Amino acid sequence: MSETAGNSLERMLGLLDLFSVDQPVWSTEAMMQATGCTRSTCYRYLKVLQAAGFLTPVAQGAYILGPRIIELDRQQRLRDPIYMAGGPPMKQLASRTGHSTLLCMLYSDTVMCVREEISPNAPAGLFSRGQKRPLFHGAASKVIMAHLPPHQLRNLYAKQTVIVAQAGLGEDWPSFRQAMRSIRLQGHCVTTGEFSRGIVGVAAPVFNQAGHVLGSLGLAAQKKHLPASDIPAMAKLVMRAAKAASERMGAHGLGVSLRARAVG
């Protein structure tokens with residue numbers, strides 16, 4: 001594929017990035033303004049995306065996401081190795097602790113939730129499947145970041161020095177490296193209120209068979225339901241569940257070669 005063709009494909013797929021929970025409907029005109037595409041180019045992209053089922057036309061020349069995405073999500077739920085490997089350990093962890101459990105994976109320079117087991121006392125607005133969060137906040141994110149290869153951590157720090165400092169992870173490279181090392185040595189990460197006030201997160205890393213970090217498995221609870229005295233015991237259960245998920249990865253084919261995608 002030529003560079004021009006590759007750029008064109010990227011711009012076409014970029015139209016899908018416009019759709020969100022806050023703005024699920026986009027007109028052709030609005031997409032042209034947001035992307036800078038010419039009218040003829042935008043119509044050509046829309047024709048291809050509609051034919052593939054990724055977009056569906058609605059009234060007044062507008063579009064919403066199409067049924068092909070639902071089909072692909074079903075396939076992911078049935079065959080995604082991370083989703084499958086994490087299921088039983090997550091359910092067992094939720095049953096033993098009474099708290100909601102989350103399975104997340106590294107996705108570019110963010111962390112995405114791929115599965116959740118919701119408890120009756122789940123916090124409002126709990127991180128859920130399909131949502132993304134930055135690498136620098138929350139137990140589920142930090143424990144993944146801490147297990148990235150050294151060269152990725154160094155590159156990440158060089159590009160995000162200010163954000164690292166703002167997140168309290170170090171004012172320079174040695175202190176950031178030490179913060180990541182501390183999390184690795186503990187085998188888990190605990191945070192409180194970094195996304196939602198009063199919410200405690202406890203997470204441990206999930207690896208593929210080659211030992212590369214893929215994501216994290218953890219729990220989330222309201223602080224009033226998870227006193228500090230209970231956290232050490234909860235951390236042990238979380239690490240045990242994450243280890244079980246890692247061990248199960250090899251039983252699902254793709255888990256052997258599946259690699260995390262990180263921007264470092």
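The values are calculated or read from the model by the stated rules, or taken from the named source; none is laboratory data. Since the model is a prediction, treat every value here as computed from it, not as a measurement. Cβ sites come from the backbone with ideal geometry, for glycine too, and all protein chains shown count toward neighbours.
Could you grab me the full set of residues in region 68-86 that are touching a helix residue (DSSP H, G or I) at 6+ places or on another chain (Cβ under 7 Å) and hydrophobic (A, V, I, L, M, F, W, C)?
Within region 68-86, the first condition is being touching a helix residue (DSSP H, G or I) at 6+ places or on another chain (Cβ under 7 Å), and the residues that meet it are 76-77, 81, 83-86.
Within region 68-86, 84, 85 qualify.
Which condition from (1) outside any helix (DSSP H, G or I); (2) over 17 Å from residue 135 (Cα atoms); (3) modelled with pLDDT of 90 or more; (4) touching a Leu at 6+ places or on another chain (Cβ under 7 Å) is the one that residue 215 breaks?
In the conditions (1) outside any helix (DSSP H, G or I); (2) over 17 Å from residue 135 (Cα atoms); (3) modelled with pLDDT of 90 or more; (4) touching a Leu at 6+ places or on another chain (Cβ under 7 Å), residue 215 misses (2) alone.
What about residue 141, is it more than 24 Å from residue 186 (Cβ to Cβ) and of a type outside the set (Asp, Glu)? Steps first, answer last, please.
Numbers: more than 24 Å from residue 186 (Cβ to Cβ): no; of a type outside the set (Asp, Glu): yes.
So residue 141 fails the test.
Among the residues that make up region 26-37, is at least one of them under 26 Å from residue 128 (Cβ atoms) and at pLDDT 95 or above? Steps first, answer last, please.
Narrowing region 26-37 to residues under 26 Å from residue 128 (Cβ atoms): 26.
Checking the rest, the ones that are also at pLDDT 95 or above come to 26.
Checked against the condition, which is being under 26 Å from residue 128 (Cβ atoms) and at pLDDT 95 or above, region 26-37 yields at least one hit.
Considering 65, 49, which residue is more than 30 Å from residue 139 (Cβ to Cβ), out of contact with any helix residue (DSSP H, G or I) (no Cβ under 7 Å at 6 or more places or on another chain) and surrounded by 13 or more Cβ atoms within 10 Å (Cβ to Cβ)? Can you show your working first?
Working: 49 fails: out of contact with any helix residue (DSSP H, G or I) (no Cβ under 7 Å at 6 or more places or on another chain).
Criteria check complete, one pass: 65.
Among helices (runs of 4 or more DSSP H) lying entirely in region 103-203, which contain 2 or more residues that are within 25 Å of residue 232 (Cβ to Cβ), touching a helix residue (DSSP H, G or I) at 6+ places or on another chain (Cβ under 8 Å) and at pLDDT 90 or above? Steps first, please.
Numbers: elements: 139-146, 150-159, 161-166, 173-186.
Answer list for region 103-203: 139-146, 173-186.
Consider region 68-102. How many of its residues are crowded, with 20+ Cβ neighbours inside 10 Å, under 27 Å from residue 17 (Cα atoms) and modelled with pLDDT under 95?
3
So that you can scan it fast, the table gives a plain yes or no per residue for (1) among the aromatic types (Phe, Trp, Tyr); (2) surrounded by 12 or more Cβ atoms within 10 Å (Cβ to Cβ); (3) under 25 Å from the mean Cα position of the chain (by Cα); (4) within 16 Å of residue 62 (Cα to Cα):
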position	(1), (2), (3), (4)
10	no, no, yes, no
15	no, yes, yes, yes
19	yes, yes, yes, yes
33	no, no, no, yes
36	no, no, no, no
39	no, no, no, yes
